[in-house]
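Before any comments, here is the structure.
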Amino acid sequence: MILKTERLILREWEESDAESLYKYAKNPNIGPIAGWPAHKSEEESLNIIKTVFSKEETYAITIDNKAIGCVGLLFYPNTNHHWKDNGVELGYWIGEEHWGKGLVKEACQELIKHAHDDLEINIIYASFRNDNQQSKRVLEKLGFKNYCKLKSKDLSGNEIQEIAMVLEIK
Ligand SMILES: CC(C)(COP(=O)(O)OP(=O)(O)OC[C@H]1O[C@@H](n2cnc3c(N)ncnc32)[C@H](O)[C@@H]1OP(=O)(O)O)[C@@H](O)C(=O)NCCC(=O)NCCS
């Protein structure tokens, strides 16, 4: 499936995206706050493309066919939390040089429309660390509402607070 927005094309990840993925995912400002470690080599990025990013409804955010981020719907049991009724979770990140342009909101809007129109999904959950204001703003701008607080562990095993939000698609 390919999804198009005004500025972006969302498409499946390809093995040839490994170089671009590593460029962005080695940045410690991207993965750890989203719950995954910064990538340590292009080989690791390739492995992630073949495993994690090959799951259904996981898309590369691309401009001029360059992968600059990722957006996807996670289905139970691949969700980060077990949501009510095995609910679907939204996940996303984008390379730091592309922050602040509203690109992730644009990508998520199209993915949410696809979820509703083609997959008959009417409720989507998302969560973020309570210090991740950037992620919170994306969800607020998409119309998500506060759902609950969650406790989980960071990559070092330290307890962290997360905030969950929910979108009911009418
Ligand atoms: C969270 C993230 C996806 C937001 O993507 P984005 O396309 O930059 O989102 P937006 O352009 O809508 O900006 C969201 C907020 O980030 C903040 N922001 C904007 N530019 C920024 C910059 N250069 N540096 C830091 N924060 C910035 C602003 O508060 C903005 O809110 P506003 O629109 O009310 O001003 C992106 O920051 C990211 O990939 N972060 C690391 C991974 C991550 O946190 N993923 C989500 C895990 S839950």
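The values are calculated or read from the model by the stated rules, or taken from the named source; none is laboratory data. Note that the structure is a prediction, hence the values are computed from the model and not measured. Backbone-built Cβ (ideal geometry, glycine too); neighbour counts: all protein chains shown.
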Picking from E89, E120, E140, E96, the residue that is closer than 25 Å to P37 by Cβ and free of Cβ contacts under 8 Å to residues at least 40 places away in the same chain would be E89
Checked against (1) under 20 Å from N27 (Cβ atoms); (2) away from the ligand (no atom under 16 Å from the Cβ); (3) under 17 Å from the mean Cα position of the chain (by Cα), S156 satisfies every condition except (3)
Considering the range 48-78, residues that are within 20 Å of N132 (Cβ to Cβ) and in contact (Cβ under 8 Å) with a residue 40 or more places away in the chain, and then whichever is surrounded by the fewest Cβ atoms within 10 Å (Cβ to Cβ), we arrive at I68
Exercise for review: Please tell me if E106 is within 15 Å of the ligand (Cβ to nearest atom), surrounded by fewer than 16 Cβ atoms within 10 Å (Cβ to Cβ), modelled with pLDDT of 95 or more and part of a helix (DSSP H, G or I).
Suggested key: no
Among strands (runs of 3 or more DSSP E) entirely inside the range 9-79, those with 2 or more residues being closer than 27 Å to G157 by Cα are 66-74
Being assigned to a helix (DSSP H, G or I), under 21 Å from A25 (Cα atoms) and either out of contact with any Lys or Arg (no Cβ under 7 Å at 6 or more places or on another chain) or touching a residue at least 12 places away in the same chain (Cβ under 8 Å) (or both): is that true of Q134 here? yes
Just one listed residue, out of I169, I124, is crowded, with 17+ Cβ neighbours inside 10 Å, among the β-branched types (V, I, T) and closer than 18 Å to T5 by Cβ, and it is I124
Filter the range 42-95 for residues that are touching a Leu at 6+ places or on another chain (Cβ under 9 Å) and hydroxyl-bearing (S, T, Y); the one that is farthest from L150 (Cα to Cα) is T62
Original post:
Within the range 67-89, can one find any residue that is among the hydroxyl-bearing types (S, T, Y) and in contact with a strand residue (DSSP E or B) (Cβ under 6 Å, 6 or more places away or on another chain)?
Top reply: yes
Picked from the range 3-47 (must be within 16 Å of the ligand (Cβ to nearest atom) and basic (K, R)), the residue surrounded by the fewest Cβ atoms within 10 Å (Cβ to Cβ) is R7
Quick count over the range 88-103, residues being small (G, A, S) and surrounded by 17 or more Cβ atoms within 10 Å (Cβ to Cβ), is 2
When H114 is run through (1) more than 9 Å from the ligand (Cβ to nearest atom); (2) under 17 Å from C70 (Cα atoms); (3) in a loop (DSSP other than H, G, I, E, B), the failure sits at (3)
